[in-house]
Amino acid sequence: MNKPSIDKTLFDKMFSAALNSQKNAYAPYSKFKVGASIKLINDETIYTGCNVENRSNGATICAERTALTDIIKRTGECKIETLLVMSTTDNQTIAPCGICRQMLSEFGPLDAKVFICDSHRGLIAETTLKDLIPFPF
Ligand code: THU
């Protein structure tokens, strides 16, 4: 497993939170279960999300966006320090989709850390929000 640039205890906490949330993913169509965890600036809570699909494809919500809406619902604000997103397949590495990148950019800062993970392989890559969406609307 690659070594995360954040404290190992925090990384492990975020990893398990995303794993737990991923188990609740509702993905009967794609079978691609995704979990996400978010740590905010000045907030020790680890917030989580999972993808929720719909037979009308366009109504599907990604794990990152269910986490963001949960944060806003619970706290009314959102300043991301770290995002961890986790898939569960050996052959397809996850990366946040375009709509998630746009929504995440609204709740930056752009130097927020992003960990791309897999439930079997652990940490695959580390990046930043700015690298994901360098020129946000
Ligand atoms: N998905 C996420 O939840 N997050 C991502 O970063 C990419 C894709 C979901 C949406 C859909 O339910 C499934 O993965 C397959 O695209």
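The values are calculated or read from the model by the stated rules, or taken from the named source; none is laboratory data. This is a predicted model, so every value here is computed, not measured. Cβ coordinates were reconstructed from backbone atoms using ideal geometry, including for glycine residues, and neighbour counts include every protein chain displayed. Heads up: the accessible areas ignore ligands, DNA and RNA and are worked out on the full protein's heavy atoms, side chains in. Shrake-Rupley method; radii C 1.70, N 1.55, O 1.52, S 1.80 Å.
Just a few scattered comments:
- Annotation note: Cβ proximity below 9 Å between a residue of the range 42-68 that is at positive phi and a residue that is among the basic types (Lys, Arg) and more than 8 Å from the ligand (Cβ to nearest atom) (sequence gap 6+ or interchain) occurs for 42/79.
- If you go through the range 108-124 and keep only what is open to solvent by 40 Å² or more (accessible area, probe 1.4 Å) and either of a type outside the set (Val, Ile, Thr) or without any contact (Cβ under 8 Å) to a residue 60 or more places away in the chain (or both), you end up with 109, 110, 111, 113, 120, 121.
- Positions within the range 23-42 being more than 24 Å from residue 106 (Cα to Cα) and not small (Gly, Ala, Ser), in sequence order: 23, 24, 26, 28, 29, 31, 32, 33
- Residue in the range 88-98 that is surrounded by 12 or more Cβ atoms within 10 Å (Cβ to Cβ) and outside any loop (DSSP other than H, G, I, E, B) present: no
- Whichever residue in the range 39-85 is charged (D, E, K, R) and closer than 14 Å to residue 97 by Cα and, among such residues, is nearest to the ligand (Cβ to nearest atom): 64
- Qualifying residue in the range 5-12 (condition: under 19 Å from residue 114 (Cβ atoms), of a type in the set (Lys, Arg), in contact (Cβ under 8 Å) with a residue 40 or more places away in the chain and away from the ligand (no atom under 16 Å from the Cβ)): no
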